[in-house]
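> After the structure tokens below, expect a handful of questions from me.
Rule-based calculations on the coordinates, nothing more; no lab input. Just so it is clear, the model here is predicted, and its values are computed rather than measured. Neighbour counts run over all protein chains shown; Cβ positions are idealised from the backbone, glycine included.
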Amino acid sequence: MEFRIRLPELFCLYRGRIFTAMVRVFLGLGTNDGDREELLKAAMGEIGARCGRLVAVSAVYETAAWGLTDQPDFLNMVVELETPLAPTELLDVLQDIEADLQRVRVVRWGPRTMDLDLLFYGDEVIETERLTVPHPRIAERRFVLVPLVEIAADFVHPVNGKTIVELLEECPDTLEVRKLA
Ligand code: AMP
């Protein structure tokens, strides 16, 4: 005889644990040190394995470094994820992945092996010591908005009520963001 447990729709089973419903999350990935394309692939593999289900992935873009400009260009991309993890659990895993990919950061805005940012966590607004969500610099960074437009043009920023397309149109950042072939 076969037993099946039917979970109410608000719950889901993920890797042997029962969670409340999955949350739609966007992450920003950036790297400007080492084999950048391999690092992005490795980060995506880890995110898919440890954070939830990858739903969409943008193209990869090359961007001049922001802030401290005398350093190698960055590769940036964004991914959409369905995650069962709570925001701080997700941040913990993202920081573990950064550490595993040996992020070395000596100077603020200096070269980094892998930087993972939690851009949006559903439409939640979070302000704690460790976490600000939506990520506070989304609206001023073309290297985040350009890839986001590709996979989430109509997503509405829960704080300012603007779509990603609108934010890109109004973005004051002038740094070139070049799509890799
Ligand atoms: P950065 O290396 O500039 O991305 O900053 C990393 C630090 O930002 C960590 O200490 C995090 O706790 C904190 N932080 C705050 N909000 C976020 C967010 N939305 N995504 C990633 N890190 C965040």
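> What FRET efficiency, computed as 1/(1 + (r/R0)^6) with R0 = 45 Å and r the Cβ-Cβ distance, is obtained for ALA56 and GLU129, rounded to the nearest 0.05?
Taking R0 as 45 Å, the efficiency between ALA56 and GLU129 is 0.90.
> Which ordering of GLU127, GLU80 is given by a fewest-first count of other beta-carbon atoms within 10 Å?
GLU127, GLU80
> Tell me, PHE74, PHE155 in order of fewest to most beta-carbon neighbours within 10 Å?
Numbers: PHE74 23, PHE155 20.
By the 10 Å Cβ count, ascending, the order reads PHE155, PHE74.
> Could you please rank ILE138, ILE126, ILE47, ILE151, placing first whichever residue has the fewest other Cβ atoms within 10 Å of its Cβ?
Fewest-to-most Cβ neighbours within 10 Å comes out as ILE126, ILE151, ILE138, ILE47.
> How many angstrom lie between the Cα centre of the range 142-169 and the Cα centre of the range 55-102?
Measuring centre to centre over Cα atoms gives 17 Å.
> Averaging the inverse of every distinct alpha carbon separation and then flipping it gives the Kirkwood radius. What is it for the range 56-181, in angstrom units?
15.5
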